[in-house]
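The values are calculated or read from the model by the stated rules, or taken from the named source; none is laboratory data. These numbers were taken from a predicted model, which means no experiment stands behind them. For neighbour counting, all protein chains shown are included, and Cβ atoms are generated from backbone atoms with ideal geometry for every residue, glycine included. Heads up: the accessible areas ignore ligands, DNA and RNA and are worked out on the full protein's heavy atoms, side chains in. Shrake-Rupley method; radii C 1.70, N 1.55, O 1.52, S 1.80 Å.
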Amino acid sequence: MKRILFLVLFNMVFLVADGQVKVRFELLDMPKATEVKPAYFVAGNFNSWSPNDANSQLVKTTGSYVLEKSLPLGNYEFKITRGDWSKVESASSGQAIANRSFTLKKDTLIRLNVAAWADAFKKEAPQSTATTNVHLLDSAFEMPQLHNKRSIWIYLPPSYAKSKQKYPVLYMHDGQNVFDQSTAGFGEWGVDEILDSLIAKGAQEYIVVAVANGGSERLKEYNLYDSQYGKGKGKAYVAFLAETLKPYIDQHYRTLRDSKHTAIAGSSMGGLISMYAMAAYPNVYGKAGIFSPAFWLGKAIETDIKNAGVALKGHQVYLVAGALEGTMMTRDMESVYQVLLGTEKEQLLKAGKDVKLVEKADGKHREWFWRREFPAFYEFIAN
């Protein structure tokens, strides 16, 4: 049974409406799965890497599994899963493979084979890479607004234990990926190592609070608006952050509680929800890091920013994305940037000083990119 990936691109005569063209995935061959009736999904940067997105499930046909989608022109990456990242495709040796990628310029057919599944191989438990400054605050922190519980980690600056000073706080989403390789599904940001290094060189010290995502609930919890992924729970999530978690952190740790010393940051859907958190709670968050934001899934964010209006004056927003994430990503980010600047008459935020737009030619929708760009964001808010 051949397990070789091959791509066949073909051009068909279709009118391309609104910059969107068709892509057809055909999964031709794969190893036997452990499930009696396995389900196969395409997880990529076009659906925020959801491993079990019902709208990206391959449907069985004669001789293959098929998925057809209409997507904007641009660059895309993806992998095949069986509904969970523990069941993602792998090399025949069991080693992780690089993301599959394609550039969508016209109607495209992608035929592929899966060599093996990651869960078919025994793996050693990954070693923790978190530094001694990182602690598990709670493995089941109550989230009354969402009727749920969540793991939360906290980074305390090197001087915290030996001082009596108060510190600014940065809140981050997708906490599994912030500090520790052993909990990260796609690689860690390494925020603890980055801060240890920057602080040793004289940078301002921050407390960092990292909230784990809700797995299958992530696309709903990080979205304010209803979408093809379900009813948005973003308002409840940001209410939890501002009205439950922050008061707890302020009560139990020595923090600078005002908005000028409170930041929020995240990537992809985490970028979208971070921007909304600032717009909804401008008196809580004075600084935001918006990495590769999924604004395409929440275009109404621009209206929310406009509604916040003058309440955002003096706030700081750092926007960053990569050209390889697709023209839609950078286009939507540039649009939000203009809204943040405001009209010439109102001048909400000042370019460069209050709001910064960064686009990197080699940037991809991956943790290594966000890790690389994090120090520049930190320098922006710490100064």
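Some values worked out for this structure:
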| item | result |
| --- | --- |
| Long-range amide H partners of TRP49 with built H, under 5 Å | GLY44 |
| Where Rh is the Kirkwood radius over Cα pairs, Rg/Rh for segment 106-259 | 1.05 |
| Rg(Cα)/(2.2 N^0.38 Å) for segment 296-379, N = residue count | 1.13 |
| Length released on extending from LYS37 to GLU379, taking residue separation times 0.36 nm less the Cα-Cα span | 118.1 nm |
| Size of segment 240-381 as Cα extents on the principal axes (Å, biggest first) | 43, 39, 27 |
| Dipole magnitude of segment 287-383 about its Cα centre (Cβ charges: Lys, Arg +1; Asp, Glu -1), debye to nearest 20 | 140 |
| Additional length obtainable on full extension of the chain from SER93 to HIS135, 0.36 nm per residue less Cα span | 11.6 nm |
| Listed pairs LYS306/LYS350; LYS260/LYS356; LYS235/LYS345; LYS313/LYS345 exceeding 20 Å between Cα atoms | LYS235/LYS345 |
| Average accessible area per residue (Å²) across segment 322-381 - probe 1.4 Å, nucleic acids and ligands excluded | 49 |
| Among LEU198, LEU104, PRO126 - extreme Cα towards positive end, dipole of segment 42-199, charges at beta-carbon | LEU104 |
| Estimated [θ] at 222 nm from DSSP helical runs (n ≥ 4, -39500 (n - 2.57)) normalised by residues in the chain, nearest 500 | -6000 deg cm²/dmol |
| Range of Cα positions in segment 248-294 per principal axis (Å), largest first | 33, 17, 14 |
| Simple label model, 7 Å out from Cα along Cβ direction - ARG111 to GLN347, nm | 6.1 |
| Proximal lysines to LYS32, defined as alpha-carbon separation beneath 28 angstrom and excluding residues fewer than eight positions away on the same chain | LYS2, LYS60, LYS69, LYS79, LYS87, LYS122, LYS123 |
| Accessible-area composition of segment 98-240, carbon plus sulfur, in percent [1.4 Å probe] | 50 |
| Diffusion coefficient, µm² s⁻¹, Stokes-Einstein with Kirkwood Rh over alpha-carbon pairs of the chain at 37 °C and 0.692 mPa s | 150 |
| 1.4 Å probe accessible area per residue over segment 187-299, in Å² | 31 |
| Segment ASN307-ASN55, length gained on full extension (0.36 nm per residue, minus Cα span) | 87.5 nm |
| Evaluated at q = 0.20, 0.22, 0.23, 0.34 Å⁻¹: base-10 log I(q)/I(0), Debye formula over Cα of segment 339-383 | -0.76, -0.84, -0.87, -1.16 |
| Cleavage-rule hits (chymotrypsin sites (Phe, Trp or Tyr not before Pro)) in segment 14-101: DSSP loop, at most 14 neighbouring Cβ within 10 angstrom | PHE14 |
